[in-house]
C-alpha cells in the first residue's frame, strides 16, 4: 500500500531536507579552521556560478563593516585565505544576487560571484572599471594547499574536482624546484661572527649559529628612519623572528612581515645578508645579521635596497633557536 503525504507536509519535508543539505556532496565546506586540499584534487571558486556562504551573526548588525559591505551593491565579503594562519594570502568576493536560504534564519545566502579580489583591490576601481573588470574570475587551490576563511564569513562552499594530468605534473615540477631552492637557502642559513675589525678579502668567517630552522631574537630598542627623515629612537621591546619562509619584526603596537628570498655572506659588513620582500607592498629589503664576540650581542640591521628606510635594533640577544 502506498503512503502519500499531503502537499502541505510534503513541502515541509522538502524544505527541511534542503536546509539540512545546504552543501551538496560534490562540494566541500570551508570554515575558519584550515583544511588541506586532498591529493589529486583541487578546490575551485568561479565567477558567474552560484555558491552558498554562511555569515556570522554580527553581519546582521546595521552599520558594521561586514553588514555595509555584504549588503552593498555590488556586495563584497572577506576573506578566503590560502596558507597558514600567520602568513596567508587573502581574497575577497565581489558578488550580486544575494538570496537568503529559507529556514536558515538569514545566515546562509546564495550569491553569484562577479570577481575575486586580493590585497591590491581598492573600492575606487569599482567606479572606474566596474566589478566585472577587477580582480580575477577564478580562485583555484591545488592539492596540498591549506585553505580557510575568516573575517565576515563563517563557512563557504567550494567545488572539488580532479586535477588534470598536466596540473599534477606541473605541481610536481614546482614542488621539486621549491625543495631545491629551500635546500640551497638552508645551506646559507647561518649567522657569522663579526670580528669588529677589517679582514682580508676572501676570509671565511667563523660561524656562531647554523643548522637552525628558526631563530628568534629579542631587542630592547631600535633606531629607525623613514624616507626623507632622520633617525628616531624607539625604546620598545622587539621580537625578531627568522625562518626559511619569513622574517618578522614585532613590538606591542607594530608588526611587519617579509618573505625570505635568498641568503649569502656579505664581506663588507661581515654579516649574513638575507634578501627579503615586504609581504604588504612587495618592496625589496635585506637584513644583515651577525654576532659580535667583543660586545656579546647580535647585530640586526633591516634596510631597503636604496637605504632610505632602515631599522637598527639595539641590545639584540638570542631568545630561542629551533633546529
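When you go through 253, 281 one by one, which is the residue that is assigned to a loop (DSSP other than H, G, I, E, B) and in contact (Cβ under 8 Å) with a residue 12 or more places away in the chain?
Going through 253, 281 in turn, just one is assigned to a loop (DSSP other than H, G, I, E, B) and in contact (Cβ under 8 Å) with a residue 12 or more places away in the chain: 253.
For the subset of region 87-121 comprising residues that are touching a residue at least 60 places away in the same chain (Cβ under 8 Å) and assigned to a loop (DSSP other than H, G, I, E, B), which member is nearest to residue 281 (Cα to Cα)?
Checked region 87-121; the qualifying residue nearest to residue 281 (Cα to Cα) is 119.
Just checking, does region 255-263 include any residue being closer than 21 Å to residue 233 by Cα and exposed (fewer than 15 other Cβ atoms within 10 Å of the Cβ)?
Yes, because at least one residue in region 255-263 is closer than 21 Å to residue 233 by Cα and exposed (fewer than 15 other Cβ atoms within 10 Å of the Cβ).
Which ones in region 83-100 are within 17 Å of residue 30 (Cβ to Cβ) and either surrounded by fewer than 20 Cβ atoms within 10 Å (Cβ to Cβ) or not assigned by TED's automatic domain parsing to the domain that holds residue 50 (or both)?
Matches in region 83-100: 83, 84, 85, 88, 89, 90.
Being on the phi < 0 side of the Ramachandran plot and either out of contact with any strand residue (DSSP E or B) (no Cβ under 6 Å at 6 or more places or on another chain) or modelled with pLDDT of 90 or more (or both): is that true of residue 36 here?
In short, yes.
Pick out the one residue from 178, 206, 162, 143 that is at negative phi and without any contact (Cβ under 8 Å) to a residue 12 or more places away in the chain.
178
Output the number of residues of region 189-212 satisfying the condition of being over 17 Å from residue 268 (Cα atoms) and surrounded by 13 or more Cβ atoms within 10 Å (Cβ to Cβ).
The qualifying residues number 5.
Residues in region 223-245: is at least one in contact with a helix residue (DSSP H, G or I) (Cβ under 7 Å, 6 or more places away or on another chain) and either surrounded by 14 or more Cβ atoms within 10 Å (Cβ to Cβ) or closer than 30 Å to residue 181 by Cα (or both)?
Yes, region 223-245 contains a residue that is in contact with a helix residue (DSSP H, G or I) (Cβ under 7 Å, 6 or more places away or on another chain) and either surrounded by 14 or more Cβ atoms within 10 Å (Cβ to Cβ) or closer than 30 Å to residue 181 by Cα (or both).
On the given criteria, is residue 191 part of a strand (DSSP E or B), in the same structural domain as residue 315 (by TED's automatic domain parsing), on the phi < 0 side of the Ramachandran plot and at pLDDT 85 or above?
It is false that residue 191 is part of a strand (DSSP E or B), in the same structural domain as residue 315 (by TED's automatic domain parsing), on the phi < 0 side of the Ramachandran plot and at pLDDT 85 or above.
The values are calculated or read from the model by the stated rules, or taken from the named source; none is laboratory data. Note that the coordinates shown come from a computational prediction; the quantities given were computed from them, not determined experimentally. No Cβ is skipped: glycine too gets one built from the backbone with ideal geometry, and neighbour counts run over all protein chains shown.
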